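Worksheet: one structure, shown below.
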Amino acid sequence: MPTDAMAYLQDTRSDAARTVHDAIAHHHFILDGTDPRPVLIVLHQETSTPGRVGQILSAHDVKLDIRRPVMGDALPTTLDDHRGAIVFGGPPSANDTDPHLVQEVNWLDVPLKEERPFLGICLGAQMLAKHLGARVGPDPEGYAEVGYYPLKSTTEGRLLLPHWPEMVYQWHREGFDLPRDATLLAAGERYPNQAFSYGPAAYGVQFHAELTLAMMYRWTTRGHERMKLPGAQGRRAHFEGRAIYDAPVKRWLETFLARVFGRKADA
């Protein structure tokens, strides 16, 4: 195998579900630069970065095409020149009526109709859910998830990937209903819909596996008021949680990106 390739053997020896074992045993997914087209990266602030997602993709020779609609960047009318697309999170709500946000939600028709690999993260997942007709909004009791919270994968989620992290980093006060015809991949307690798939190639995740340590410092400093919301955790708990929970989150993200944006190889 080339040194610049990343292959993941989906080892299911510890998974008791027979159907899961049969579906994923001996499947490899390789993330490399074989496809020269970049992944479209959509960010929502001038200073935002693709974080660990960008680091992983770049480390394996996957090019990035970064665009910020809030800064006037246009989104492509087709993804023929891209390997796929990732829409990241940010301060806005998917329900906001700013023209660039409305256009972005409508633009999701492009990857869906073309059945191209697509990943929405936090706001990106909420935009995908809204585009598909699902409700996006706050918890009825006003609770937020800011910090580390439990995650439980579904059988369908383990069919996609055998190992999901048990705790993930959150930074949101809105969630979404599961869109019609979507498949729930992972669930949470306060916000039950944490990861879903739609069609052959679209995915949405509520949590922030892309978070780097530098991003955590920045978010908990600039967004310190968020940690006063009901249900949110204090700043110290964020860093303590990262020391305990980040390693399996990183492993999951590497595997997930290979599964969505990589290529399948024979075992």
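The values are calculated or read from the model by the stated rules, or taken from the named source; none is laboratory data. The structure displayed is predicted, hence computed values, not measured ones. As a convention, Cβ positions derive from the backbone with ideal geometry for all residues, glycine included, and neighbour counts pool all protein chains shown. Just so you know, the surface numbers come from the protein's heavy atoms only, side chains and all, with ligands and any DNA or RNA stripped out. Shrake-Rupley method; radii C 1.70, N 1.55, O 1.52, S 1.80 Å.
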Residues of region 188-242 being surrounded by fewer than 17 Cβ atoms within 10 Å (Cβ to Cβ), touching a strand residue (DSSP E or B) at 6+ places or on another chain (Cβ under 7 Å) and part of a loop (DSSP other than H, G, I, E, B), in sequence order, are GLU189, ARG190, LEU229
* Asked: Just to be sure, is ALA134 outside any loop (DSSP other than H, G, I, E, B) and either surrounded by fewer than 21 Cβ atoms within 10 Å (Cβ to Cβ) or at pLDDT 95 or above (or both)?
  -> no
Looking across region 86-115 at residues that are assigned to a loop (DSSP other than H, G, I, E, B) and out of contact with any strand residue (DSSP E or B) (no Cβ under 9 Å at 6 or more places or on another chain), the single one that is surrounded by the fewest Cβ atoms within 10 Å (Cβ to Cβ) is THR97
Of the residues in region 172-187 that are part of a strand (DSSP E or B) and touching a Gly at 6+ places or on another chain (Cβ under 7 Å), the one that is surrounded by the fewest Cβ atoms within 10 Å (Cβ to Cβ) is GLU174
Picked from region 256-267 (must be open to solvent by less than 40 Å² (accessible area, probe 1.4 Å) and modelled with pLDDT of 95 or more), the residue nearest to THR34 (Cα to Cα) is GLY262
LEU253 passes all but one of the listed conditions (1) under 13 Å from the mean Cα position of the chain (by Cα); (2) crowded, with 23+ Cβ neighbours inside 10 Å; the exception is number (2)
The condition of being touching a residue at least 12 places away in the same chain (Cβ under 8 Å), crowded, with 17+ Cβ neighbours inside 10 Å, under 26 Å from VAL146 (Cα atoms) and charged (D, E, K, R) holds, among ARG83, ARG68, only for ARG68
- Message: For region 247-254, check the following and say yes or no: at least one residue is at pLDDT below 95 and not basic (Lys, Arg).
- Response: no
